[in-house]
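Below: one structure, written as structure tokens.
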């Protein structure tokens, strides 16, 4: 078994027997990892705090060649991200981002940009509109793992200047109004929403946060992303469903 070391963020945990945890991380060097942290749930065992959700750690693990479940030997906290666990809004959005990464990223498929985007989102969630950060995170994630639909020109006729574009999840791209007619799932998308998709996929996250978005466009992108994820996963993520349930409460704050 090789001994490996990497920065990693805790995505979720699962109890294992009476004292251990199975921890799912997203790591800087190895992508998504799963490991056993033995004995961390024993009474008065302070190491259990290392594996709180969203914690940024440096971990050392024994890499098993014949299993995706490795043995975590050491962990040290680089950033606790306690600020994410103190408010309903921040813990729910952070949970959504963690569940997105866990759902779409394969084990041992490195994407350092996704790791950095998680860190970025966790840093700015308390001070930025949660839904704006959600759209940015979704688009950046899909772009980095190669699932973002093709946005440059019509998939049918290759036309670039589309007066009335349509978006197809099944075909993975956009169409002009003429080419969209035989595409069963093609849905109209506004030029403004298409431009935001393009901008968010190609610009740095800091620039994207400074880009103004009308509420109507933000809602259009939200519906588009929900449709896309439901098509890809076959269901709505638990954290996203919870976000939908609590939106009326968050709107009153």
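The values are calculated or read from the model by the stated rules, or taken from the named source; none is laboratory data. What you see is a predicted model, and the numbers here were worked out from it, not measured in a lab. Note that we place each Cβ from the backbone using ideal geometry, even for glycine, and neighbour counts take in every protein chain shown.
A few comments on the model shown:
- Check on residue 74, in the same structural domain as residue 31 (by TED's automatic domain parsing) and surrounded by fewer than 18 Cβ atoms within 10 Å (Cβ to Cβ): yes
Let's see how each residue does on (1) within 19 Å of residue 102 (Cβ to Cβ); (2) without any contact (Cβ under 8 Å) to a residue 40 or more places away in the chain; (3) in contact with a strand residue (DSSP E or B) (Cβ under 8 Å, 6 or more places away or on another chain):
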{"position": "118", "(1), (2), (3)": "yes, no, yes"}
{"position": "161", "(1), (2), (3)": "no, yes, no"}
{"position": "177", "(1), (2), (3)": "no, yes, yes"}
{"position": "188", "(1), (2), (3)": "no, yes, yes"}
{"position": "196", "(1), (2), (3)": "no, no, no"}
{"position": "199", "(1), (2), (3)": "no, yes, no"}
{"position": "207", "(1), (2), (3)": "no, yes, no"}
{"position": "221", "(1), (2), (3)": "no, no, no"}
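- Residues being without any contact (Cβ under 8 Å) to a residue 60 or more places away in the chain and more than 22 Å from residue 7 (Cβ to Cβ) - total across segment 80-90: 2
- Residues that are crowded, with 17+ Cβ neighbours inside 10 Å and within 14 Å of the chain's Cα centre (by Cα) were ranked within segment 224-239; the one that is nearest to residue 169 (Cα to Cα) is 228.
- Residue satisfying all of: in segment 211-223; out of contact with any helix residue (DSSP H, G or I) (no Cβ under 7 Å at 6 or more places or on another chain) and under 16 Å from residue 240 (Cα atoms); surrounded by the most Cβ atoms within 10 Å (Cβ to Cβ) among these: 219
- Output for segment 14-28, where each listed residue is surrounded by 18 or more Cβ atoms within 10 Å (Cβ to Cβ) and part of a loop (DSSP other than H, G, I, E, B): 28
- Odd one out for residue 193, checked against (1) surrounded by fewer than 17 Cβ atoms within 10 Å (Cβ to Cβ); (2) within 21 Å of the chain's Cα centre (by Cα); (3) closer than 21 Å to residue 136 by Cα: (1)
- Residue within segment 134-144 that is closer than 20 Å to residue 247 by Cα and in a loop (DSSP other than H, G, I, E, B) present: no
- Screening 170, 184 for residues that are out of contact with any helix residue (DSSP H, G or I) (no Cβ under 6 Å at 6 or more places or on another chain), closer than 30 Å to residue 112 by Cα and modelled with pLDDT under 95 leaves exactly one candidate, 170.
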